[in-house]
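The values are calculated or read from the model by the stated rules, or taken from the named source; none is laboratory data. Every value quoted in this text rests on a predicted model; they were computed, and no experiment measured them. All Cβ positions, glycine included, derive from the backbone under ideal geometry; neighbour counts span all protein chains shown. With ligands, DNA and RNA removed, areas are computed over all heavy atoms of the protein, side chains included. Shrake-Rupley method; radii C 1.70, N 1.55, O 1.52, S 1.80 Å.
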Amino acid sequence: MVVAVWSAPLATLIAVAVNAATEVEGGWPGPLGWIQAHPWRWAAGLTLLAALTTFVASRWQPGAQDVGDPGEHRAMAPGTPTAAALSGTGVVGRITGDTVDVARTIPEPPLPTSPPPVFNLPGRNPDFTGREDLLREVEAGLDAGPVAVVAVRGMGGIGKTQLALEVAHRGWAAGRYEVAWWVRAESPLTVAEDLAALAPGLGVPVVADQEAVVAGVRAELARRDRWLVVFDNAPDAAAVREWLPSGPGHVLVTSRSLEWRGLAGVALRLAQFTPAESAEFLTRRTGQSNPAVRELAQELGFLPLALAQAAAYMERHDGLSAERYLALLRDRRNAGRLLAQGLDGYPASVATTWLMHFEWLAEHAPAALQLLRFCAFLDPDDINLGLLLSTPAPDGPAGELWRACRSPLDLEQVVGDLLSTALVTRVADDRVRMHRLVGEVTRHQLAASGADRYDSWAVLTVAVLSTAVPDGPSEPAAWPVMLDLAPHLAAATELAPAAAATATALTQLGQYLAGRGEFTAARARLRRALTINEAVHGPDHPETAVALGSLGLVERELGEPAAARAHLRRALAVFEAEYGPDHPQVAITLGNLATVEHELGEPTAARAGLQRALAISEASFGPDHPQAAVILGTLGIVEHELGEQTAAIATLRRALAVNEAVYGPDHPKVAVTLGNLGIVEHELGEQAAIATLRRALSILEAAYGPDHPHAVATRDNLRSIEA
């Protein structure tokens, strides 16, 4: 092609040069003669020919393309003149050794190039586990464009950032994105800083005005596709709304805030790991696979950050076993410290991750922060705020909380402020659930700020719970409320110091557990209540006597009548000294003591005590009072033991009539009296005994269930009679 283009001009120029060199008057004299005659013409011709030859050689390179050739443009080789040096000139030279290269610049269209990749994602987590369904859901949401905004919501430490990071890295590795950019969305300052840092990669001029740079970045993204911008840890939708780019790209937001309607096309609520994912993660990280690993995962509430923190701690301590870490975590003196441990590869520990919430609540919603602290001493799974916050305002540090909850609407505002942090979740209208580690961290923060603050919140919590306990917690009528309160009483009294309010709450819980037939658990609570009361009030205080009397009843049920008698005698002495010999509390204690004396083979002493108790009760309340019915029921059993069957039947039938009149025909107290009456009827050979015991069993099974000790005993008595 080069020959074809240049051959004709070259022949013409050579002819001109020769003609110039040989044109003479009078014809051709021969070469030597002509040179001698016209030396200047010869020199001029040769010079022109040499210049022409050099020019053509510079354009005619083997394999070179003519500017008119179609085909791929080649990049400029190293050492050639720069585009700036060639611009605006016709011919330039480059000297290499003894050679002069001459080149002509010819305007060419821009080279078709792809934009360079732009990437600042944090490192991929090699231990990312599970979440495959969520990953697919996020990716599907991002594909739903044209400008796809997906928000991943949830509490701190739940794994939002790690999920977003995995989505971004997978998209990048698959070639979906040419721009993958991570923005710290905690504040406007970090958002502006990170978006401005994207400018050089997009070719946006960097100027002193950061706002103009960010505007340029957003405008450039609007012209492009195949980009992903992650806004990590946004406080809420308002915090990022004005920063979001437009155009055919993808935006992924992580946030603790729950409200993203109107901004995010898809808003996913991230939950804890499943038990299987948790065990898999810990096994992968620690190399341990045993029941303790699964138990540890459960103790950590399947929270991804807590699992990672535990694994890092175990690795750092040279393969510490899951059993040992679990033991440390269950010691409430250590749990908060463990959760505050630093964690390599993560921005913060579990404790510091949630600290920002505490700070925000302290500034913007102090009543919600008080609610968080109150809940931290409760059982975390199901907290009935409507019940607990309806109690009278307690003394202590939660005054603002109770003032802020004067109406259902006010309560909802406070609860909503706390829900917005995702530290608690709603179970039902007035019920919330807290992750157990949130409670640990909240208590740790209180303890770190001073033991007095921790103790004041713990005591306040047990006092509120105790106030909410209905009268007679052992009675079935109180059980619907006690079902709500019992888990919280158990949790709060375990965390509270040895204060009077703690002892009262423990006694109430012990009485409820005894009424439900959970005697071993009841004894543990009542023993601690007694210890606290003796330390706080002394051995001769009525509160001490109440704990003694309740403990004696439980010991009787557990087959420890000697211990029961000792505690009941102590209680009786305290009540007689405090209230006098004819007080109703004295009558109740006399009746309970008589029951134990009967079981110890002392029916005569038992009858004397019961007759005294009945006289006190009838004098105080009249012959048809429920307390009289309780005493009559025990007296009938003692009379039966003494062989006074006719008196026993009369006494028991009188007790039955009072109980039915007071409680109705299907109350457990009626059933207990029926059970005793059936035994006496059988001793007297009355056919009514079987029907009486069957009725008693039916009531007890309906009230307590078939496995309650009273139901079991009545069933055994019925079988022995029927046999």
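Observations
- Couplings 3J(HN,Hα) of the stretch 687-695, computed from phi: 5, 5, 4, 5, 4, 5, 5, 5, 5 Hz, in residue order, whole Hz [Karplus 6.51 cos²θ - 1.76 cosθ + 1.60, θ = phi - 60°; x for Gly and Pro].
- Evaluating kT/(6 pi eta Rh) at 4 °C and 1.567 mPa s, with the Kirkwood radius of the stretch 510-617 over Cα pairs in the Stokes-Einstein relation, gives 94 µm² s⁻¹.
- In the full protein context, the stretch 385-516 carries 39 Å² of accessible surface per residue, based on a 1.4 Å probe and ignoring ligands, DNA and RNA.
- Peptides 488-495, 692-699 ranked from most to least packed give 488-495, 692-699, packing being the mean of other C-beta atoms within 10 angstrom over each peptide's residues.
- Mean projection area, nm², convex hull over Cα of the stretch 421-515: 6.8
- Annotation for the stretch 638-684 versus the stretch 280-304: alpha-carbon center distance of 57 Å.
- Cα shape, the stretch 379-458, gyration tensor, a/c 1.5 rule: oblate
- Taking all protein chains into account, the per residue accessible area for the stretch 136-212 stands at 41 Å² (1.4 Å probe).
- Relative packing of 704-716, 563-575, which averages over residues the other C-beta atoms within 10 Å, highest first: 563-575, 704-716
- A simple packing score, the average count of other Cβ atoms within 10 Å per residue, orders the peptides 588-601, 233-246 as 588-601, 233-246, with the highest score first.
- In Å, descending, principal axis extents of the Cα set of the stretch 452-595: 43, 30, 25
- Measure of compaction for the stretch 395-442 (Cα Rg per 2.2 N^0.38 Å): 1.22
- Equivalent-ellipsoid semi-axes for the stretch 633-723 (Cα gyration tensor, √(5λ), whole Å, largest first): 19, 16, 10.
- Rounded to two decimals, the Cα radius of gyration of the stretch 173-252 over 2.2 N^0.38 Å is 1.02.
- Shape call, the stretch 459-534: gyration tensor on alpha carbons, a/c limit 1.5: oblate
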